[in-house]
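These notes are about the structure you will find just below.
The values are calculated or read from the model by the stated rules, or taken from the named source; none is laboratory data. Bear in mind that the values here come from a model prediction, so they are computed numbers and not experimental data. All Cβ positions, even for glycine, are placed from backbone atoms using ideal geometry, and neighbour counts span all protein chains on display.
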Amino acid sequence: MKVVILEDAEAVAKYGAAIFVKQIQKKPSSVLGLATGSTPVALYNELIKKYQSNQLSFSQVKSFNLDEYLGISGDHPQSYRHFMNEKLFKHIDINKKNTAVPSGDAKHPLDACEEYEQMIKNSGGIDVQLLGIGRNGHIGFNEPSSSLGSRTRVKTLTQETIDDNARFFAENESQPHLSITMGIGTILEAKQVVLLATGENKAQAIVDTVQGYITAQCPASALQFHANAVIIIDEAAASLLKNREFFRHIERENQKLEKSLGL
Ligand code: PGA
């Protein structure tokens with residue numbers, strides 16, 4: 001697992017965006033795994049800038065989002081479909097038909113989960129999956145105790161996650177307690193995984209992910225199994241890691257190697 005510690009949230013977004021830019025430039029028909037939440041927004045802004053300055057096209061890109069609330073439709077302002085349209089899709093040249101978000105209003109949610117898995121398979125699999133992380137170590141809506149082999153399914157949200165996301169809902173608005181989320185097994189099949197975290201409130205989840213035991217109690221710790229996972233964090237999110245200097249040293253060496261190989 002590669003751990004990159006950077007000065008601040010802006011540097012995290014730029015570093016993460018550069019991975020996506022490289023991927024799309026190498027393979028214009030890349031399949032991207034996308035995420036919602038506050039953290040990815042700055043990365044999306046970087047990608048939008050690249051598109052607007054004609055350095056990048058998403059015209060052949062396909063995308064799959066990690067998760068969606070169950071019980072609300074895609075035009076609900078708090079739906080993750082709406083979030084993606086507003087924060088990314090409407091600003092770039094991606095074909096909306098090539099963007100998939102689980103259906104929060106599916107008549108048959110269990111069938112919808114299986115179909116989502118099948119769609120990912122039919123696309124050839126996800127090239128790069130973007131992840132945020134919850135304070136409780138969740139990835140997507142895979143809350144603590146999620147099976148490490150889980151596939152796309154209906155998942156009950158923890159009270160902690162509901163509370164964390166309450167800020168997006170109006171005071172008396174009913175807030176979903178269920179979701180459809182890619183499973184941890186689904187995420188682990190992405191060819192590359194890029195997890196971003198910033199701020200001190202993510203520090204415990206990050207140390208559990210990187211230096212803790214692999215356990216369903218910290219779903220992101222499953223990334224220790226992944227052959228190509230990069231954890232990009234700011235100083236605050238890194239603050240509980242042991243051997244921070246070692247991670248910095250590795251990154252400097254990697255940069256030198258990449259430069260010498262012209263990568
Ligand atoms: P955040 O959410 O980026 O808004 O902190 C991350 C997550 O819950 O996955």
Residue within the range 59-77 that is in contact (Cβ under 8 Å) with a residue 60 or more places away in the chain, within 26 Å of F168 (Cα to Cα), within 16 Å of the ligand (Cβ to nearest atom) and assigned to a loop (DSSP other than H, G, I, E, B) present: yes
Test result for N45, surrounded by fewer than 20 Cβ atoms within 10 Å (Cβ to Cβ), of a type outside the set (S, T, Y), away from the ligand (no atom under 16 Å from the Cβ) and free of Cβ contacts under 8 Å to residues at least 60 places away in the same chain: no
Test: residue in the range 25-32 that is aliphatic (A, V, I, L, M), surrounded by 15 or more Cβ atoms within 10 Å (Cβ to Cβ) and away from the ligand (no atom under 16 Å from the Cβ): yes
C113, sole failed condition from (1) exposed (fewer than 12 other Cβ atoms within 10 Å of the Cβ); (2) part of a helix (DSSP H, G or I); (3) not small (G, A, S): (1)
Helices (runs of 4 or more DSSP H) wholly inside the range 139-234 that include at least 2 residues being closer than 25 Å to E10 by Cα: 159-165, 203-211
Index of the failed condition, S179 passing every other in (1) within 19 Å of the chain's Cα centre (by Cα); (2) over 26 Å from I233 (Cα atoms); (3) away from the ligand (no atom under 14 Å from the Cβ): (3)
I120 in contact with a Phe, Trp or Tyr (Cβ under 7 Å, 6 or more places away or on another chain), part of a helix (DSSP H, G or I) and in contact (Cβ under 8 Å) with a residue 60 or more places away in the chain: yes
Residue check, I126 surrounded by 22 or more Cβ atoms within 10 Å (Cβ to Cβ), in contact (Cβ under 8 Å) with a residue 40 or more places away in the chain, near the ligand (Cβ under 10 Å from one of its atoms) and not in a helix (DSSP H, G or I): no
Any chance V21 is surrounded by fewer than 19 Cβ atoms within 10 Å (Cβ to Cβ), within 16 Å of the ligand (Cβ to nearest atom), under 21 Å from D93 (Cβ atoms) and of a type outside the set (D, E, K, R): no
Test: residue in the range 77-85 that is more than 18 Å from the chain's Cα centre (by Cα) and not basic (K, R): yes
Residues satisfying the stated conditions in the range 154-173, i.e. away from the ligand (no atom under 16 Å from the Cβ) and either in contact with a helix residue (DSSP H, G or I) (Cβ under 8 Å, 6 or more places away or on another chain) or within 11 Å of Y69 (Cβ to Cβ) (or both): V154
Where a residue in the range 130-148 is closer than 18 Å to Y69 by Cβ and more than 9 Å from the ligand (Cβ to nearest atom) and its partner, wherever it lies, is assigned to a loop (DSSP other than H, G, I, E, B) and at pLDDT below 95, with Cβ under 6 Å and at least six apart: E143/T158
